[in-house]
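Right, one structure below, let's go through it.
The values are calculated or read from the model by the stated rules, or taken from the named source; none is laboratory data. Treat the numbers as computed from the prediction; the structure is a model and nothing was measured. Virtual Cβ from ideal backbone geometry, glycine too; neighbours counted across all protein chains shown.
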């Protein structure tokens, strides 16, 4: 019997009261595209049956604590011994210079700013990070520094695997945990985006005009000016209100011919998002075994790539055709 087998057969885990229990009770873990993508990356590393055991631990509530900070995730997982095992999963946090470049890209397209301010991560974000040379997800298992205090020397052990699955559900609950792990907290990122968007609109407060405080003429408040009003009113500001943060109020006596003009400067051409042909497959996750499983996904992936190349060649030929 190998040492790994002896450790795995050490005994059933100590029952836990009040642990962090996975919301998913069966099947795959992860609902949003980013958490499913994270689990998909982990499972692509062929980590074997320990992921299955870790999923069972996550659903039993064996994880006692889970904390996300720049560059590392720490947890405590209750195993078969009296004291819980300390777990650490390290992933490189990007330096300030890299984040400044990413934030400039995000602020340059209103689509990204609006979605992030609304608390959402658009699927196109993965490609933007990759183009900036800072992938959101690890590409190789060696990018993850995995450590557990249990006696099982295999990596990952079931305690690490349980932490991975609880982390995926934490990403579901708050997608900014993923960005925080990579080095930028929600508050810092959104503050930076507001500052950059304000600079692009030509005003220090991001309003596109002179700063006038909370109220405009006649006491009118700019859309989004109450972004932090939850502290005083008790009503949280979410969704579209966050996306409108910083835009000026429409003055009642504004000139009619200027009423429909944008309150902020618009680019000469609308922004475009270059998305890869596999984006839909990433969002949908792996097909079930009844319709082909991972093999079907791979065949579709190749077909999408071929279709994308054929479409690009057709556009090139159409553009090269003489006119007149």
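Return the residues of the range 145-162 that are more than 16 Å from residue 80 (Cα to Cα) and in contact with a helix residue (DSSP H, G or I) (Cβ under 9 Å, 6 or more places away or on another chain); say none if nothing qualifies.
Once the filter is applied, which keeps residues that are more than 16 Å from residue 80 (Cα to Cα) and in contact with a helix residue (DSSP H, G or I) (Cβ under 9 Å, 6 or more places away or on another chain), the range 145-162 yields 146, 147, 154, 155, 156.
For the range 42-59, which positions are surrounded by fewer than 21 Cβ atoms within 10 Å (Cβ to Cβ) and either on the phi > 0 side of the Ramachandran plot or at pLDDT 90 or above (or both)?
The answer is 46, 48, 59.
Do we have residue 66 as part of a helix (DSSP H, G or I), crowded, with 16+ Cβ neighbours inside 10 Å and touching a residue at least 60 places away in the same chain (Cβ under 8 Å) here?
no
If you check 107, 93, 123, which single one turns out to be at negative phi and either at pLDDT 95 or above or assigned by TED's automatic domain parsing to the domain that holds residue 42 (or both)?
Every option except 93 fails the conditions.
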